[in-house]
1. Determine by what factor the alpha-carbon radius of gyration of segment 147-211 differs from 2.2 N^0.38 Å, reporting the quotient.
2. For segment 1-150, state the average projected area of the convex hull of the C-alpha atoms over all orientations, rounded to one decimal in nm².
3. In the calculated pair distance distribution of segment 10-72, what percentage of Cα-Cα distances lie above 20 Å?
4. Which three semi-axes in whole Å describe the equivalent ellipsoid of segment 75-192, each the square root of 5 times a Cα gyration tensor eigenvalue, listed largest first?
5. Rounded to the nearest whole Å², what accessible area per residue is found for segment 87-220 with the 1.4 Å probe?
6. Provide the FRET efficiency to the nearest 0.05 for the residue 72-residue 9 pair, computing r from the beta carbons and using R0 = 35 Å.
7. Give the carbon-plus-sulfur fraction of the accessible surface of segment 1-64 in %, rounded to a whole number; probe 1.4 Å, heavy atoms of protein chains only.
8. Quick check on the chain: helices-only [θ] at 222 nm, where DSSP H runs of length 4 and up contribute -39,500 (n - 2.57) each and the sum goes over total residues. Nearest 500, please.
Amino acid sequence: MKFDWAADWPVFLEAFGQTLYIVAAAMIIGGGVGLVLGIVLYTTRRGGLLANRYVFGALNVLVNLVRPIPFVIFITAVGPLTIALTGSRIGTDAFIVPAAIMAAFATSRIVEQNLVALDPGMIEAARSMGASPLRIIRTVVIPEALAPLILGYTFIFVAVVDMSALAGIVGGGGLGNFALTFGYQRFDWVVTYVTVLVIVALVQAVQFLGNHLARRVLRR
């Protein structure tokens, strides 16, 4: 049976809302935690503001262990943690746990790479003026790296949208599950193409916003 857009329109809206909810929650939680982890990686590396080879080594290994895991396998691997946090391994909230964790580790590496690219001379100048490490991070490091960080977060947003397409395998709904259920399984290609267009439009809108904000920051 083909999808009746006139009668079943609310089903599509519900799936779109689930995707927005998953992406927003994963970006807020994962993006925030990833920013902290990225700063820790940057400051504890050799020659950093808070150089500590043990902290850097442990966190660096952890990031390298998690990032290569295929996301569909990662969802099952963190199942016990998901149940502990949400009380279930099924549903939209349950899917947000692995999505946020994976987003956090991916964000941490992007934040670290952007901060490492900063001119060390600025850090040394701030150090010579007696600024504390926390003040240097807050007033020098983050402001100077803000534009590339915005672009980095835009990249993570696209990756999280990609991850959200797998929410259906744990009953989390979303546009990926909608396209699979009402498009692929019913041979209704219009449903699939409409879903693809909506996702592309969403990604393009966020990419445009990210590019715009990054340009404005660079022109300060």
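1. Here the Cα radius of gyration is 1.26 times the empirical estimate.
2. Numbers: hull surface 48.8 nm².
Seen from a random direction, the Cα hull of segment 1-150 projects 12.2 nm² on average.
3. On the way: 930 of 1953 pairs.
Distances greater than 20 Å cover 48 percent of the Cα pairs.
4. Numbers: eigenvalues 337, 66, 14 Å².
In descending order, the three semi-axes are 41, 18, 8 Å.
5. Working: 6950 Å² over 134 residues.
Averaged over the residues of segment 87-220, the accessible area is 52 Å².
6. Working: r = 30 Å, r/R0 = 0.85.
Rounded to the nearest 0.05, the efficiency is 0.70.
7. On the way: 2570 of 3690 Å².
Summing carbon and sulfur atoms, their accessible area is 70 percent of the total for segment 1-64.
8. Working: 10 runs with 160 residues, N = 220.
-24000 deg cm²/dmol, from helical runs alone.
The values are calculated or read from the model by the stated rules, or taken from the named source; none is laboratory data. As the structure is a prediction and not an experimental result, all values here were calculated from the model. So basically every Cβ, Gly included, is an ideal-geometry build from the backbone, and we count neighbours across all protein chains shown. Quick note on the areas: whole protein, heavy atoms, side chains included, nothing else; ligands and nucleic acids left out. Shrake-Rupley method; radii C 1.70, N 1.55, O 1.52, S 1.80 Å.
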